[in-house]
Amino acid sequence: MLLNVFLAVLSGALLMLSFPSPNLYFLAFGAFVPLLFIIEGKNALASGVFAFLAGMVANCGIFYWLFPMIRLNTGSWVQSFICLIALSAYMSLYFAVWAAVSAASRKRISGIMWYVFMGALWAALEYARTYFLTGFPWALVGYSQWRFLPFIQISEFTGVYGVSFLVVVANVFLFKFLRMRKMVYAAFFVMIPIVTAAAGMAVPKKHYAGGQPVTVAVIQGNIDQYKKWDVYYQGQIIDTYSRLVRAAAAKKPDFIIWPETAVPGYIPWDDYLMRWVSSLAKESRAFNIVGAPYYDGKVDSYNATFLISPQGKILAMHRKNHLVPFGEYVPFRKILGRFFGVLNTLGDFKKARETEPFVAGKASFGTTICSENFFGELVRRFVNGGATILVNQTNDAWFLKTPAAEQHFIMNVFRAIENRRPVIVSGNTGISGLINARGKIEKKTSLFKEESFDASVTPGLSETFYSRYGDLFALACIIFVAGVLLAFIIRKKRLV
């Protein structure tokens with residue numbers, strides 16, 4: 001019993017350490033091995049219980065930032081603890097299902113089929129977590145490999161789920177080697193990252209070739225969360241962004257990109273703020289992509305971003321498609337509204353559905369707002385609509401000085417590779433940055449500092465397998481797992 005507890009805790013700790021921080025990504029290739037030793041000797045129920053424990057260790061460590069975030073915004077220790085435990089427990093259920101199904105099937109699948117099944121099952125569960133209950137695909141196993149650039153180039157075909165699949169399959173081979181002491185398993189374990197990385201390095205540079213470069217300036221205002229919607233600080237916010245835009249404009253960029261909800265009020269509803277943004281865009285003589293709340297003048301408000309012309313006119317608007325539960329709206333309001341509000345001071349936002357790119361000058365921008373970059377499927381819709389450059393505007397001030405901002409930022413690495421498009425990130429308090437079409441981070445700002453940078457960005461023009469077909473690999477994993485499990489059921493009925 002104590003040995004199994006130790007193995008479960010070890011498994012969770014190894015997985016936790018593979019993510020930011022400390023980014024020991026190589027540990028992910030052995031993180032599942034302790035769990036696999038448990039699965040080999042236990043039934044489905046016991047395996048699920050120990051895997052749930054492993055998940056709790058991993059998720060409480062990865063998501064510990066949720067506690068201080070909720071504590072700061074609600075003042076409640078109890079509510080903060082409940083939120084952290086509830087989210088970690090929900091995420092750990094996927095660990096439990098994976099282990100339980102794996103334990104139940106380990107004697108029914110032989111050879112290479114078992115390795116494929118284990119990886120496919122994990123990838124299928126990650127895909128389910130991406131969309132179930134509005135979706136929360138944070139800390140998918142594949143994301144831990146963001147620094148292993150040659151290895152994750154496979155995302156162009158499989159999305160992040162293919163990376164998760166390979167990491168889990170490698171774990172199974174390592175387990176078999178440690179269990180059986182046969183070098184053939186060690187060879188396969190070593191070959192998975194090496195061969196995949198070699199294939200990634202072999203992709204010709206012309207594959208990333210794009211259109212005519214454009215110059216962009218990214219501004220990071222570093223506005224404290226408690227100041228953003230306090231009218232007392234409105235003048236300070238306006239002064240900060242006016243200064244940053246003017247400094248950026250001095251270098252004559254084609255585009256200036258602001259963070260999410262940078263404007264301290266609704267545009268174009270607020271005449272004063274609209275005049276300020278318009279005049280600043282005119283002064284800059286550049287296209288400005290400006291994050292600001294939008295009110296339709298009737299009932300609904302949205303988290304939005306606007307394309308402002310050098311003449312100060314609104315050319316286009318994108319309203320956020322994916323809203324953060326309790327951050328931008330309260331799910332199941334009739335039940336939960338009595339206990340939880342929204343952390344967003346402006347109140348509930350409404351969900352939109354459009355994914356039209358911003359077309360201006362020599363480029364077309366696919367603009368995602370904060371959590372929209374979680375979803376490869378959503379981002380590729382921008383690309384299919386003609387986006388040649390991707391932008392993610394975010395406000396991670398909620399996360400305080402924790403690894404959460406980096407955990408969020410690294411998802412953009414995969415969105416870049418999946419679509420072979422550069423990604424520009426503009427964060428209120430950081431991390432802002434520029435990621436090229438290969439997933440390499442070329443520019444990166446510090447957290448909680450007022451900063452800006454300028455860069456030449458080459459639009460991407462190529463169509464990738466992922467941008468055309470989306471999460472086909474994940475769907476194939478679901479079909480494969482469902483087919484194997486269905487075969488078990490049919491065989492069992494025949495035996496009866």
So which helices (runs of 4 or more DSSP H) stay within region 1-79 end to end and still have 1 or more residues that are modelled with pLDDT of 95 or more and aliphatic (A, V, I, L, M)? 2-17, 33-41, 44-62
Unmet criterion (only one of (1) part of a loop (DSSP other than H, G, I, E, B); (2) surrounded by fewer than 24 Cβ atoms within 10 Å (Cβ to Cβ)) for Thr429: (2)
Candidates Met118, Met191, filtered to the one that is hydrophobic (A, V, I, L, M, F, W, C), in contact (Cβ under 8 Å) with a residue 40 or more places away in the chain and outside the structural domain of Leu378 (by TED's automatic domain parsing): Met118
Residue check, Ala58 under 21 Å from the mean Cα position of the chain (by Cα) and touching a residue at least 40 places away in the same chain (Cβ under 8 Å): yes
Selected residue (criterion: surrounded by the fewest Cβ atoms within 10 Å (Cβ to Cβ)) from residues of region 135-166 that are over 27 Å from Glu463 (Cβ atoms) and aliphatic (A, V, I, L, M): Ala139
In region 18-32, which residues are within 16 Å of Ala405 (Cα to Cα) and without any contact (Cβ under 8 Å) to a residue 24 or more places away in the chain? Pro22
Could you tell me whether Thr130 is touching a Pro at 6+ places or on another chain (Cβ under 6 Å) and in contact (Cβ under 8 Å) with a residue 12 or more places away in the chain? yes
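For residues in region 280-300 being surrounded by fewer than 14 Cβ atoms within 10 Å (Cβ to Cβ) and not small (Gly, Ala, Ser), which is modelled with the highest pLDDT?
Arg285
Condition check ((1) among the small types (Gly, Ala, Ser); (2) on the phi < 0 side of the Ramachandran plot; (3) touching a residue at least 24 places away in the same chain (Cβ under 8 Å); (4) crowded, with 18+ Cβ neighbours inside 10 Å) across all residues:
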site	(1), (2), (3), (4)
Ile38	no, yes, yes, yes
Phe50	no, yes, yes, yes
Phe63	no, yes, yes, yes
Asn73	no, yes, yes, yes
Ser76	yes, yes, no, no
Phe81	no, yes, no, no
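Ala387 - would you say it is surrounded by fewer than 24 Cβ atoms within 10 Å (Cβ to Cβ) and of a type in the set (A, V, I, L, M)?
Details: surrounded by fewer than 24 Cβ atoms within 10 Å (Cβ to Cβ): no; of a type in the set (A, V, I, L, M): yes.
No, not satisfied.
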Taking into account only those residues within region 372-384 that are surrounded by 23 or more Cβ atoms within 10 Å (Cβ to Cβ) and among the aliphatic types (A, V, I, L, M), which is nearest to the chain's Cα centre (by Cα)? Val379
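The values are calculated or read from the model by the stated rules, or taken from the named source; none is laboratory data. Values in this document were obtained by computation on a predicted structure and should not be read as measured data. Quick reminder, even Gly has a Cβ in these numbers, built from the backbone with ideal geometry, and neighbours come from all protein chains shown.
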